[in-house]
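The values are calculated or read from the model by the stated rules, or taken from the named source; none is laboratory data. Predicted, not measured: the structure shown is a model, and the values here were computed from it. Neighbour counts are summed over all protein chains in view; Cβ atoms, including those assigned to glycine, are modelled from backbone coordinates with ideal geometry.
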Amino acid sequence: MRIRQALYGLLATILAILVVRSGWIGAVRGRPQTEISFWNGFTGPDGRVMLELIRRFNRENPDLKVSMQRIAWGTYYNKLMVAAVNGRGPHVFVIHASALPRMHRAGFLEPMDSLYREGGVPEEDFEPIVLRTTEFDGHRVGVPLDIHPQGLYCNTDMLREAGIVDERGRPKPPTNREEFLRAASLMMHPRGAANPDRYGFALTHWQNNYQSVFPQFGGRYLDERGNADLDNPGNVEALEFLGRLRTEKRLIPPPDNQLGWIGFRQKKVGMVFDGVYMLGDLKRLEGLHYVGAPMPVLGHKPGTMADSHILCMRKGLSERERDGVARFIRFLSENSLDWAEAGQVPARRSVRNTDRFRSMQVQYAFSKQIPYMVYPPRIVPLFEMGLEINLAVERVIRGRMGAKESLRIADENAQKAIDRDRAESQAPGGGR
Amino acid sequence: MSSRKTRALLGWAYLLPYATLFVLFVLVPIVVAAYLAVMQFDLTSPRSAGFVGFRNFVDAWKDEYLQRAFVVTAKFAAMMVPSLVVTAFALALGLNAMPRGRNTVRALVFLPTMFTVAVTGILWQWFYNLEFGLFNFILRNLGLAPVPWLSDKNIAMPSIVLMSLWWTSGGTAVILLAGLQNIPRMFHEAAALDGADGWRGFWSVTFPLLRPVVLFVVVTNLIGAFQFFPQAQLLTGGGPELATRGVVQYIYETAFNGYRLGYAAAMSWMLAAVVAVFGFLQFWLMRKEAS
């Protein structure tokens, strides 16, 4: 008798699950649910913020069901590319502005001009430099969700201990080269004595740190014809400056020290350059007091590197799916102030011009760099160029090569990658 | 149906699950890779895909990064294989000589081999950490300077080899131990009667009789060493300054970061050719040994 009851119970449960999963209830009510798949690489604390936004969207839009898949950025683009090229990609996904040229050329991004024209996403609410990253062949292929510039993080306890405070006694992050060098030196020797375990400044991601500095020296990635220009005088000067911090001034830890970001978290490093997205990591720490600030002007003018998360749609969706994706993108764009909490600067000006955003100390400080920030170049072989930049910086920081020679090698190799890509993308079989 | 036919069908049925997976995940990719190797096939520009004959191979032959990656891979193999054979041999001889508790110790020695490379890599990342790693903690307590295990160009590769030794020597030791235990006792007794004990006995009796097993161990590990990838990917990412980026990692990056599948397939065929040479060498030596 008991076994029979258990079997009936099991049968009833299976039936209930099948009915719910089939969407039959929604259909009976006249509202069939449209499923929208959403992929991104938000595997850190930012993923939890995004999940909360999605739950809210699903509650407010019962006819749509957005389900999110988070994949670590390290393998995200491989999976997205392979799935999307074969027509099995998600409906909506996040792509970095710097990765858009590759993804656009692969041919699976749906133009989204109509979303700007009549879909409720106002063009004029975005900075032109950010919007430009989404433009290809006269069409916009995505909606920028955020901006993440590189900036300066400072340990306020270490600043105060080194006596770097303003007239009201508040810690004062450096704003120019002189202040920066002074702060780095004073924080390393707080009471006149050197502490081998303590540094005023450390490099984190060498490639990103360098790219945040060279725009200040008038450096650039490409020349006017789109050829590699990594060994231009501005880039060389910037790399010489960073190299000297280690090889001459001994202001940054030896490359093998691996202090960088971990050192900042451990209160062993007073200042680091990194992206606004690292804020999520700092928020989890207790006892670390810090502020965010724009990159100090180490060169001749303000400058930093930035990137953006762009919301894109796959080609080949049905009318209903397109409508659902458009509504979802508009929702995220309009609610990007919540997203900013995860450690981002909203791409929309109206969202940034709110008291709530201004109260987000780090995000607001980093957002001040928008007028002069620089995006990575819009080229397909960006991975190859990034690798060359990284190697060039590494050779100099390790004191193995001068900046000029190191960048000349990087430039030569990056140009090879650009030439190959040009040849191979022009005609079937390459036409070389 | 005759019983012979039934047995044949049964045999095929047993084979079917493995054969299906083999065809799907080994044979089909090999055929696809052969096709891609003679194509220009870049995922970012599918429209420009086309037949290019051996151009990918010619380009790869001239590719300085590939040459460097082959040197790195050869370096790993040259460090790894001899040290593995020596370590595993020492472990196997020790285990063989144990009168009691051999099974327990063998299980313990074999344990690291059961870990996946990901687990091993993460574990050793912590061991090697400059600031709070186990090894530098020990060095500091001994009053010695910490060692940049993974970030120094000259130390990174030996560090990876050390991790790989810890991870694989147990498995190899068990194979050698099985070989040692298969040597009939009478050979050792006869040698002892002739005065060949200790080292003399080892070199004159044990080692020659174990040669086929040693050969198997050397060649299979050499082939494995040429597929060197996950250890470096997990511990150093191929750095510092590409000092630990092997061929497989370069192929992976070309295919999945650069999306140049055709070129990556050509390089993987070149690597396969090198590995095949060792495979044939093993086959030839084993046959020679048997005859």
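Taking the residues in segment A:407-426 that are over 27 Å from the mean Cα position of the chain (by Cα) and among the small types (Gly, Ala, Ser) as candidates, determine which candidate is nearest to B:Arg47 (Cα to Cα).
Applying the filter and picking the extreme gives A:Ser425.
Residues that are more than 14 Å from chain B (Cβ to nearest Cβ) and not acidic (Asp, Glu): find the helices (runs of 4 or more DSSP H) completely inside segment A:291-402 holding 2 or more of those.
Fully inside segment A:291-402 and qualifying: A:319-334, A:336-340, A:349-352, A:355-358, A:361-367.
Filter segment A:58-87 for residues that are part of a loop (DSSP other than H, G, I, E, B) and within 14 Å of another protein chain (Cβ to nearest Cβ); which is nearest to the chain's Cα centre (by Cα)?
Result: A:Ala72.
How do the pairs read when you match residues in segment B:88-102 that are under 13 Å from B:Val174 (Cβ atoms) with residues anywhere that are surrounded by 15 or more Cβ atoms within 10 Å (Cβ to Cβ) and of a type in the set (S, T, N, Q), using Cβ under 7 Å and keeping only pairs 6 or more apart or on different chains?
Pairs that qualify, where the first residue is under 13 Å from B:Val174 (Cβ atoms) and the partner is surrounded by 15 or more Cβ atoms within 10 Å (Cβ to Cβ) and of a type in the set (S, T, N, Q), are B:Ala88/B:Ser169; B:Ala88/B:Thr172; B:Leu91/B:Ser169.
From the list A:Arg31, A:Arg21, exactly one residue is charged (D, E, K, R) and either outside any helix (DSSP H, G or I) or at pLDDT 90 or above (or both). Which is it?
A:Arg31
Among the residues that make up segment B:107-117, is at least one of them of a type in the set (Gly, Ala, Ser) and either within 30 Å of A:Leu109 (Cβ to Cβ) or within 14 Å of chain A (Cβ to nearest Cβ) (or both)?
Taking every residue of segment B:107-117 in turn, none turns out to be of a type in the set (Gly, Ala, Ser) and either within 30 Å of A:Leu109 (Cβ to Cβ) or within 14 Å of chain A (Cβ to nearest Cβ) (or both).
Would you tally the residues in segment B:45-59 being surrounded by 16 or more Cβ atoms within 10 Å (Cβ to Cβ) and within 8 Å of another protein chain (Cβ to nearest Cβ)?
Adding up the residues that qualify gives 5.
Inside segment A:292-326, can you point out the residues that are of a type in the set (Val, Ile, Thr) and over 30 Å from A:Ala202 (Cα atoms)?
A:Ile310, A:Val325
From the list A:Gly287, A:Gly263, which residue is more than 24 Å from A:Ser98 (Cα to Cα) and in a helix (DSSP H, G or I)?
A:Gly263
Starting from segment B:241-255, take each residue that is within 15 Å of B:Asn154 (Cβ to Cβ) and list its partners that are part of a loop (DSSP other than H, G, I, E, B) and among the β-branched types (Val, Ile, Thr), counting only C-beta distances under 6 angstrom and pairs at least six apart or across chains.
Cβ pairs passing all conditions: B:Thr244/B:Thr236.
Looking only at residues that are among the hydrophobic types (A, V, I, L, M, F, W, C) and in contact (Cβ under 8 Å) with a residue 60 or more places away in the chain in segment B:228-240, which one is farthest from B:Arg55 (Cα to Cα)?
The qualifying residue farthest from B:Arg55 (Cα to Cα) is B:Leu235.
Looking only at helices (runs of 4 or more DSSP H) that fall completely inside segment B:160-259, which ones have 1 or more residues that are within 14 Å of another protein chain (Cβ to nearest Cβ) and more than 15 Å from the chain's Cα centre (by Cα)?
In segment B:160-259, B:230-235, B:247-256 are the helices (runs of 4 or more DSSP H) which contain 1 or more residues that are within 14 Å of another protein chain (Cβ to nearest Cβ) and more than 15 Å from the chain's Cα centre (by Cα).
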